[in-house]
Amino acid sequence: MDFVRRLLETIIFGGILILLGLATVFLAYSHIIDWNQATSMLWVETVVGIIIYLYHLLWRDKEAEKFAETYAIKKQQLELRATKCKELENRLKKHYENDLLPIIREWLKPAFLATRMKNHTMDYSLLSGCIYYYPQNKSVVSQISEPMHFPKNTVEEVVKHLTEGYPEYWKKWCTLKDNANNHLNRIVKVWEEIEDRVKVKAKELGLAEWDGKKPNPTSNYYHADILVGIIWSDPEHYQIQKKHLWDEYDIHSDEKGGFEFGGTWAHSQKREILEKLKQYLTNESDRISGAQKNLGEHKSKLEKEGTNLGNFLKEIEDDLMRRYIRIRSFCPTCKGWLDELTELGA
Ligand SMILES: [Zn+2]
């Protein structure tokens with residue numbers, strides 16, 4: 001293209017010179033000027049033409065050189081910018097994938113029961129929280145909270161992203177966490193109440209408490225842990241089976257010279273004591289069934305809210321891993337990178 005342009009320029013320039021020459025010759029022929037003057041003019045025109053043409057060529061070259069230089073600088077700047085952006089994006093991606101996502105994935109992970117704690121008599125789980133119940137009202141409540149088994153400052157980074165980037169969901173999480181922890185505390189209270197009441201009743205019936213471990217008393221005892229457990233489990237069983245957990249167990253005499261109920265559940269010298277205990281179990285099951293039903297419905301509601309929140313957290317993960325949409329907002333780790341990216345216009 002450059003060659004064609006230069007050729008055209010030369011033809012036009014040369015054409016003008018030839019026209020000027022022809023005009024000079026015409027003037028000489030017409031005797032307006034004489035031939036000596038015409039020859040001098042032709043020389044002057046030729047020399048001036050050559051000088052102007054050479055200057056033009058030189059100027060054009062310098063211009064082109066300058067343009068090439070500017071272009072190279074611009075290209076280098078663009079390449080540097082692209083490299084910098086890529087590097088920052090990579091750092092961000094690593095921050096999201098290595099620091100934030102593992103915590104987000106664990107956020108509402110259900111609690112694993114019975115693997116961490118042993119020898120408890122009852123357990124109950126809700127979302128990431130659980131309760132392990134031990135006799136004598138010694139319960140261990142593992143509360144629902146932000147994941148704990150990660151470095152504290154990394155969890156705080158996730159919290160900063162979530163609170164500022166998704167305030168409406170953060171509010172939902174806080175409400176759910178409070179309500180779910182209250183729910184777990186209510187369950188503990190129900191269990192404690194069952195235990196306290198069984199103890200009072202057993203004392204009234206003259207039965208001693210047996211924990212199932214110490215040597216088995218020969219008469220007038222009840223296995224406290226089992227009775228508390230079966231009272232709590234009975235309403236749900238009754239609703240499905242239409243009979244109580246203890247309906248299949250007859251009170252009968254044994255080799256110790258007394259009567260037994262449910263194998264090792266209770267033992268007494270008098271049959272009517274055990275009959276009263278059996279009736280008490282039925283009364284207790286009836287007493288707690290309404291509250292237990294309400295607690296069951298409340299649990300389902302909280303679990304549903306947990307599923308919705310879980311879906312929202314899954315969406316963040318999908319945005320990041322599949323659509324590569326950044327997690328909203330920033331934390332101390334990624335703020336500088338995001339600022340630099342904004343400055344670079346990325
Ligand atoms: Zn961050």
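The values are calculated or read from the model by the stated rules, or taken from the named source; none is laboratory data. All of these numbers come straight from a predicted model, not from anything done at the bench. Backbone-built Cβ (ideal geometry, glycine too); neighbour counts: all protein chains shown.
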So His244 ticks every box in (1) surrounded by 13 or more Cβ atoms within 10 Å (Cβ to Cβ); (2) more than 55 Å from the chain's Cα centre (by Cα); (3) not hydroxyl-bearing (Ser, Thr, Tyr) but one. Which box is left unticked? (2)
Out of everything in region 294-322 that is touching a residue at least 60 places away in the same chain (Cβ under 8 Å) and charged (D, E, K, R), what residue ends up being nearest to the ligand (Cβ to nearest atom)? Glu317
From the residues in region 323-346 that are of a type in the set (Lys, Arg) and either over 14 Å from the mean Cα position of the chain (by Cα) or farther than 14 Å from Leu101 by Cα (or both), which one is nearest to the ligand (Cβ to nearest atom)? Lys335
Selection over region 281-327 where residues are surrounded by fewer than 13 Cβ atoms within 10 Å (Cβ to Cβ) and not in a helix (DSSP H, G or I) yields a count of 4
Out of the residues in region 65-105 meeting the condition of being touching a helix residue (DSSP H, G or I) at 6+ places or on another chain (Cβ under 8 Å) and among the hydrophobic types (A, V, I, L, M, F, W, C), tell me which one is surrounded by the fewest Cβ atoms within 10 Å (Cβ to Cβ). Cys85
Thr46 - would you say it is touching a Phe, Trp or Tyr at 6+ places or on another chain (Cβ under 9 Å), under 25 Å from Asp61 (Cβ atoms), surrounded by 12 or more Cβ atoms within 10 Å (Cβ to Cβ) and hydroxyl-bearing (Ser, Thr, Tyr)? no
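Any idea how many residues of region 161-186 are within 16 Å of the ligand (Cβ to nearest atom) and either surrounded by 17 or more Cβ atoms within 10 Å (Cβ to Cβ) or farther than 16 Å from Arg328 by Cα (or both)?
The initial filter retains those residues of region 161-186 that are within 16 Å of the ligand (Cβ to nearest atom), namely 161-166, 170.
Checking which are either surrounded by 17 or more Cβ atoms within 10 Å (Cβ to Cβ) or farther than 16 Å from Arg328 by Cα (or both) leaves us with 161-162, 166.
Residues in region 161-186 being within 16 Å of the ligand (Cβ to nearest atom) and either surrounded by 17 or more Cβ atoms within 10 Å (Cβ to Cβ) or farther than 16 Å from Arg328 by Cα (or both): 3 in total.
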Does region 28-43 hold any residues that are among the hydroxyl-bearing types (Ser, Thr, Tyr) and either surrounded by 12 or more Cβ atoms within 10 Å (Cβ to Cβ) or at pLDDT below 85 (or both), and which are they? Thr39, Ser40
Answer yes if at least one residue in region 60-75 is more than 21 Å from the chain's Cα centre (by Cα), away from the ligand (no atom under 16 Å from the Cβ) and in the same structural domain as Asp178 (by TED's automatic domain parsing), and no otherwise. no
Please go through region 261-277 and give me each residue that is surrounded by 20 or more Cβ atoms within 10 Å (Cβ to Cβ) and out of contact with any helix residue (DSSP H, G or I) (no Cβ under 6 Å at 6 or more places or on another chain), ordered by number. Gly262, His267, Ile273, Leu274, Leu277
Would you call Tyr96 of a type in the set (Phe, Trp, Tyr) and outside any helix (DSSP H, G or I)? no
